[in-house]
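*Asks:* Structure in structure tokens, see below.
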Amino acid sequence: MRGRSRARPARLPPSGLPGLDPSWSRLVTVTDADDVPRTFHLLDSGGGSGDAPPGILLCVHGNPTWSYLWRRLVAAPPLGWRVVAPDQLGMGYSERLDAPRTLAQRVDDLSRLTDALGLTGPGQKAPIVTVAHDWGGIISLGWADRHRAQLRGVVLTNTAVHQPAASAGPILIRAAVVPGLREMGVVRTPLFVATTTALSRPRLPGDIRRAYAAPYVGAPQRAAVGEFVADIPFAAGHPSHTALDSIAQSVRTLRVPALLLWGPRDPVFGELHLRDLQERLPQAALHRYEGAGHLLPEDAPQYVEAVGQWVSLLGEEVNAANDDPIPTLSPAPDPARSVLTALRARAADQQPAVVEVGGASISWAQLAGRVRDTAAGLAAAGVRPGDRVALLVQPSIELTVALYSVWAAGAAIVVADKGLGLRGLGRALRGARIDHLIAGTEGLLAAGPLRLPGTRIAIDDVPAVVRRATGVRHTLPDIAGRGAGLPDVQGPSPDRLAAVVFTSGATGPAKGVRYRHRQLLAQLALITDTYRLTAADRMVAAFAPFALYGPALGIASAVPSTDVTQPGTLTAGALAQAATAVAATVVFASPAALRNVLATAAELSVGQRAALAPVRLLMSAGAPVPAELLRELAALLPAASLHTPYGMTEALPVTDISLDGIEAAREGDGVCVGSPLPGVQLRIQPFGVADASKPELTDQADVSGEIWVRAASLMDGYDALWQTDQIDAAHPGWHFTGDVGALDAQGRLWVQGRAVHVITTPDGPVTPVGVEQRAAAALGLGSAAGALGVAAVGVGPSGTQQLVVVITGSGGPTAGMDVTDRVRVAAGHPVAAVLVRSELPVDIRHNSKIDRTEVARWAEHVLAGG
């Protein structure tokens, strides 16, 4: 290559590249700053059409990709918009040059190209949104800085504009910068090009990988790839350092809307780079595509829809309210209240507030004092209002102190339990942008391997060797001692973020749910009013969300000696021991926990049974609770009113029903979960809406569809999941629960399954729960047994799925004709096959919900001859 010209003219891509329409390709010649003509190849969705678009997406690729990266966006642009995606000079199918191009030159090249295309320049008014990836990010932002008058917004995918001080830089890039390695790994061999596409998960098809590599088949074609790497200014004396620093600083003054679309599994640009972008663009919306990596437009093709949704909102005043005001509780919560009000009201009370079964207890007065001192100490130690504090502590007195102290300091808690597994836990907490971490020894030791950010605070005194190994800066006892002589902190305001609580992950990657204090207060008021809780009540909390609510509700609480993240481990003896510890009047436990309580009830002593006798209220949530299960529990808790509230992490509770209510409802199509609570509204979005862009919600009886909820206690939104939030944007102020069902003539809600489990047959959608109930009845199974013994799933492509019923039993996998006939008669819909498994898989978090997705995979495998 030395001694010979590397210059090559621009050309059009070869035909046959997957997903690339040849009609999109254009060659455009412009004059660069040195008065030399340069020819670009670009993809253009609207070039030569003559129509004035409402806006233009200017898409800038990085290294070593080319405009092929944006083919899906070119194919499906936002309504009426034009998409222009050039190959940078020396890259893709643009002209190959004899000399390297610096960052400043590339920004200038892009500006001259948009002028030549008539997108910018005198008299041009069409707004432009830049879309960029990798090192195209800094180039697009340099262009944006020059064209602020026409700039309407910026979209960035996995990129960086500055190297955070805490990072030495992406290791893959630093290795490629080394001259010898760069020459061999980037230019003379296709290793760098191949590695880029190899980063995608799942692995890209071979024809797609070959399409990315097509412009870079020889060393002369890869010369600019190596020069692009060499132009990354890691050192202050680098020729492009000044330009990079100038652009990075200018980003802070961009006042246009911004959207960050991020793949967290990126070995090039990590969480530090994302946080740097968020700090420079505080107005930016963010969506994290869990499982996606560096090559986000390939790993998350749904980004095209996200860009379209976001662009459609530009220039609009998005009203989060509906025509009707958000419903409020009756009476409405006192705006002067906070989550600390009940605790402070009992600050002189020497009665136990929290009891650790078999261990310590703390009075209301002691708890209020420790929270006051710890909150003041946290503020002095650098915990600021608005900070996020992750809690990796088992339910205990110490966790209760930490939780309410964080709230008192004005910070927000981040909660994700270990039931997600180490990988899921790390993913959740890294994505939540935590500033501080409070943890016990186990959590501190896990923080390093989980790559968690934040100041380390130990929940109690830890050995010096652990402090050094884990980077502990403070302990809560030290912080409380420091705060003892300081003035009280102000406490949280109603609109401040209170919590990011992660969902169970039972139906996909766990999602962070944001709550502000006013929403938590509405939730607490709803629970207090619905269940008539008073200061005289005492609670056993065997359900993780309620293990920490006692002080905010103003009632004493005890956590049973069990792992609340594994509810099926609760025994009747452990429940009775906790009830004894606080003289319980209220029990909150999941269905899985209660099943095991009943399974171990024979082991109870007379005294333990006596401790359960005064319980006046049992609440069970997390999954449908069969009437048979409640009837058996009635014998164990003879004085208790048995209730099963329905809700989800995003809205809890939504409805409530008692055992008497369940029996009055009798059998129906689905599980009756009762009527909406005061201030809560429910609507159904029917299946098969003719105009999907304008779906309407209804409260008409016996109409099946998606269940939507509206309430003052509804979450604030999902954290770092902008595109997911847009599902709810179809009905501002409402939330799609993810469940499907119907309302009856009495206004009661019948849940018929999860939306993702609806079977889409040629004759229309079929909801699974009713089929399962009828099949269980036909086979002589009660609803308690049938709940985990029958699964109705769809097999085949969406829209043409066949209904398959899978039952538990021996033998198989095909059921006998007698069983098959009974199921087919009872199902109410055509059944393609009845299969048998020894047991049905359940989700590991609730241990009480069938994993229908796994059952469907198994059924398809069996029916295919597996």
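*Asks:* So Ala610 ticks every box in (1) over 28 Å from Glu772 (Cβ atoms); (2) within 27 Å of the chain's Cα centre (by Cα); (3) in a helix (DSSP H, G or I) but one. Which box is left unticked?
*Replies:* All conditions are met except number (2).
Condition check ((1) in contact with a helix residue (DSSP H, G or I) (Cβ under 9 Å, 6 or more places away or on another chain); (2) crowded, with 19+ Cβ neighbours inside 10 Å; (3) assigned to a loop (DSSP other than H, G, I, E, B)) across all residues:
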residue: Gln700; (1), (2), (3): no, no, yes
residue: Leu714; (1), (2), (3): yes, yes, yes
residue: Gln723; (1), (2), (3): yes, yes, no
residue: Asp728; (1), (2), (3): no, yes, no
residue: Asp739; (1), (2), (3): yes, yes, no
residue: Ala742; (1), (2), (3): no, yes, no
residue: Gln752; (1), (2), (3): yes, yes, no
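*Asks:* Let me confirm something: among Thr374, Thr341, Thr328, which residue is among the β-branched types (Val, Ile, Thr), open to solvent by 20 Å² or more (accessible area, probe 1.4 Å), at pLDDT 80 or above and farther than 30 Å from Arg255 by Cα?
*Replies:* Answer to the selection: Thr341.
*Asks:* Can you name every residue in region 650-672 that is of a type outside the set (D, E, K, R) and under 30 Å from Asp719 (Cα atoms)?
*Replies:* Ala651, Leu652, Pro653, Val654, Thr655
*Asks:* Name the one entry in Ala390, Ala416 that is buried (at least 24 other Cβ atoms within 10 Å of the Cβ) and at pLDDT below 95.
*Replies:* Matching residue, one of Ala390, Ala416: Ala416.
*Asks:* Of the conditions (1) part of a loop (DSSP other than H, G, I, E, B); (2) modelled with pLDDT under 95; (3) of a type in the set (Ser, Thr, Tyr), Thr159 satisfies every one except a single condition; which number is it?
*Replies:* (2)
*Asks:* Is there a residue in region 85-95 that is of a type in the set (A, V, I, L, M), crowded, with 21+ Cβ neighbours inside 10 Å and over 25 Å from Ala224 (Cα atoms)?
*Replies:* no
*Asks:* Okay, moving on. So, Ala243, is that one out of contact with any strand residue (DSSP E or B) (no Cβ under 6 Å at 6 or more places or on another chain), open to solvent by 10 Å² or more (accessible area, probe 1.4 Å) and either among the basic types (Lys, Arg) or in a loop (DSSP other than H, G, I, E, B) (or both) or not?
*Replies:* No.
*Asks:* Among the numbered conditions (1) more than 23 Å from Gln726 (Cα to Cα); (2) among the small types (Gly, Ala, Ser); (3) open to solvent by less than 10 Å² (accessible area, probe 1.4 Å); (4) free of Cβ contacts under 8 Å to residues at least 60 places away in the same chain, tell me where Ala300 comes up short.
*Replies:* Of (1) more than 23 Å from Gln726 (Cα to Cα); (2) among the small types (Gly, Ala, Ser); (3) open to solvent by less than 10 Å² (accessible area, probe 1.4 Å); (4) free of Cβ contacts under 8 Å to residues at least 60 places away in the same chain, only one is false for Ala300: (1).
*Asks:* Same structure, new question: List pairs: first in region 443-454 and in a loop (DSSP other than H, G, I, E, B), second open to solvent by 10 Å² or more (accessible area, probe 1.4 Å), Cβ under 6 Å, 6+ apart or cross-chain?
*Replies:* Between residues of region 443-454 that are in a loop (DSSP other than H, G, I, E, B) and residues that are open to solvent by 10 Å² or more (accessible area, probe 1.4 Å), the close pairs are Gly454/Asp435; Gly454/His436.
Okay, residues lined up against (1) open to solvent by less than 10 Å² (accessible area, probe 1.4 Å); (2) farther than 25 Å from Asp276 by Cβ:
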site: Leu420; (1), (2): no, yes
site: Ala428; (1), (2): yes, no
site: Asp435; (1), (2): no, no
site: Leu444; (1), (2): yes, yes
site: Gly448; (1), (2): no, no
site: Arg456; (1), (2): no, no
site: Asp460; (1), (2): no, yes
site: Pro463; (1), (2): no, yes
site: Arg468; (1), (2): no, yes
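*Asks:* Is there a residue in region 607-621 that is at pLDDT below 95 and either open to solvent by 60 Å² or more (accessible area, probe 1.4 Å) or of a type in the set (D, E, K, R) (or both)?
*Replies:* No, region 607-621 contains no residue that is at pLDDT below 95 and either open to solvent by 60 Å² or more (accessible area, probe 1.4 Å) or of a type in the set (D, E, K, R) (or both).
*Asks:* Considering each residue of region 635-648, count those that are under 30 Å from Ala711 (Cβ atoms) and either over 36 Å from the mean Cα position of the chain (by Cα) or not in a loop (DSSP other than H, G, I, E, B) (or both), and give that number.
*Replies:* Number satisfying all stated conditions: 8.
*Asks:* Looking at region 220-233, can you tell me whether even one residue there is surrounded by fewer than 17 Cβ atoms within 10 Å (Cβ to Cβ) and closer than 22 Å to His41 by Cα?
*Replies:* Scanning region 220-233, I find at least one residue that is surrounded by fewer than 17 Cβ atoms within 10 Å (Cβ to Cβ) and closer than 22 Å to His41 by Cα, so the answer is yes.
*Asks:* Which residues, taken from region 57-84, are farther than 25 Å from Ala194 by Cβ, under 29 Å from the mean Cα position of the chain (by Cα) and surrounded by fewer than 24 Cβ atoms within 10 Å (Cβ to Cβ)?
*Replies:* Within region 57-84, Ala75, Ala76, Pro77, Pro78, Leu79 meet the criteria.
*Asks:* Next up: Open to solvent by less than 20 Å² (accessible area, probe 1.4 Å), touching a residue at least 12 places away in the same chain (Cβ under 8 Å) and not β-branched (Val, Ile, Thr): does that describe Ser405?
*Replies:* yes
*Asks:* Name the residue, out of Ile434, Ile479, that is farther than 23 Å from Ser713 by Cα, outside any loop (DSSP other than H, G, I, E, B) and among the hydrophobic types (A, V, I, L, M, F, W, C).
*Replies:* Matching residue, one of Ile434, Ile479: Ile479.
*Asks:* Only one residue in Thr760, Thr820 is in contact (Cβ under 8 Å) with a residue 12 or more places away in the chain, over 28 Å from Met648 (Cβ atoms) and either open to solvent by less than 70 Å² (accessible area, probe 1.4 Å) or assigned to a helix (DSSP H, G or I) (or both), so which one is that?
*Replies:* On inspection, the qualifying residue turns out to be Thr820.
*Asks:* All but one of (1) closer than 26 Å to Leu420 by Cα; (2) open to solvent by 30 Å² or more (accessible area, probe 1.4 Å); (3) touching a residue at least 40 places away in the same chain (Cβ under 8 Å) hold for Tyr549, so report the exception by its number.
*Replies:* (3)
*Asks:* State the number of residues belonging to region 473-523 that are out of contact with any Ser or Thr (no Cβ under 9 Å at 6 or more places or on another chain), among the aliphatic types (A, V, I, L, M) and open to solvent by less than 20 Å² (accessible area, probe 1.4 Å).
*Replies:* Of the residues in that region, 3 qualify.
*Asks:* Right, next: Taking the conditions exactly as written (open to solvent by 10 Å² or more (accessible area, probe 1.4 Å), assigned to a helix (DSSP H, G or I) and either at pLDDT 70 or above or under 26 Å from Arg280 (Cβ atoms) (or both)), does Arg152 satisfy them or not?
*Replies:* In short, no.
*Asks:* Suppose we filter Gly169, Gly137 for residues that are under 28 Å from the mean Cα position of the chain (by Cα), over 20 Å from Val28 (Cβ atoms) and at pLDDT 95 or above; which single one remains?
*Replies:* Testing whether each residue is under 28 Å from the mean Cα position of the chain (by Cα), over 20 Å from Val28 (Cβ atoms) and at pLDDT 95 or above leaves just Gly137.
*Asks:* In addition: Working only within region 111-134, note down all residues that are touching a strand residue (DSSP E or B) at 6+ places or on another chain (Cβ under 9 Å) and open to solvent by 10 Å² or more (accessible area, probe 1.4 Å).
*Replies:* Arg112, Asp115, Ala116, Leu117, Ala126, Pro127, listed by residue number.
*Asks:* Turning to a different aspect of this structure: So Gln773 ticks every box in (1) open to solvent by 20 Å² or more (accessible area, probe 1.4 Å); (2) under 25 Å from the mean Cα position of the chain (by Cα) but one. Which box is left unticked?
*Replies:* Tallying (1) open to solvent by 20 Å² or more (accessible area, probe 1.4 Å); (2) under 25 Å from the mean Cα position of the chain (by Cα), Gln773 fails exactly one: (2).
*Asks:* Could I ask something else about it? Condition first: open to solvent by less than 40 Å² (accessible area, probe 1.4 Å), at pLDDT below 95 and of a type outside the set (Asp, Glu). Can you find one or more residues in region 208-219 that meet it?
*Replies:* Looking for residues that are open to solvent by less than 40 Å² (accessible area, probe 1.4 Å), at pLDDT below 95 and of a type outside the set (Asp, Glu), one finds at least one in region 208-219, hence yes.
The values are calculated or read from the model by the stated rules, or taken from the named source; none is laboratory data. Here the structure is a predicted model, which is why all the values come from computation and not from measurement. We place every Cβ from the backbone using ideal geometry, glycine too, and count neighbours over all the protein chains shown. The area values use the complete protein model at the heavy-atom level, side chains included, leaving out ligands, DNA and RNA. Shrake-Rupley method; radii C 1.70, N 1.55, O 1.52, S 1.80 Å.
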